[in-house]
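Here is the structure we will look at.
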Amino acid sequence: MIDRDIANLELRIRHAVGLVVWPVVGGVFGALIGVIFGFVVGGAVPLSLGVAIGAGFVALGTVAGGAFCIWAEIRTIRSRSRGHRAA
């Protein structure tokens, strides 16, 4: 019984960490893409448009990171329900 409680606690900690880490990672990648895009089109668009485009990339990266976390958790739950150990 204690082993099962520890396993459930470990899984909940993984969920909490995943819900924080993956959106942050996605936001960082989105920011990098936004900066690169800003350098590429820097002279062609006004600064405010460049900032808006960069913010859009950060938002998309954050959403993608969150979606990846949710997908990974669903995959983990499905594999556990089939009797497999999660990777």
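What the table shows:
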quantity: Residue exposure sequence - Leu19, Leu47 - by fewest surrounding Cβ within 10 Å; calculated: Leu47, Leu19
quantity: Selected from Val63, Ser48, Ile2, residue furthest toward positive end of dipole (the range 2-81; charges at beta carbon); calculated: Ile2
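Each value in this text was obtained by applying a stated rule to the coordinates, not by laboratory testing. All values reported here derive from a predicted model rather than from experimental measurement. As a convention, Cβ positions derive from the backbone with ideal geometry for all residues, glycine included, and neighbour counts pool all protein chains shown.
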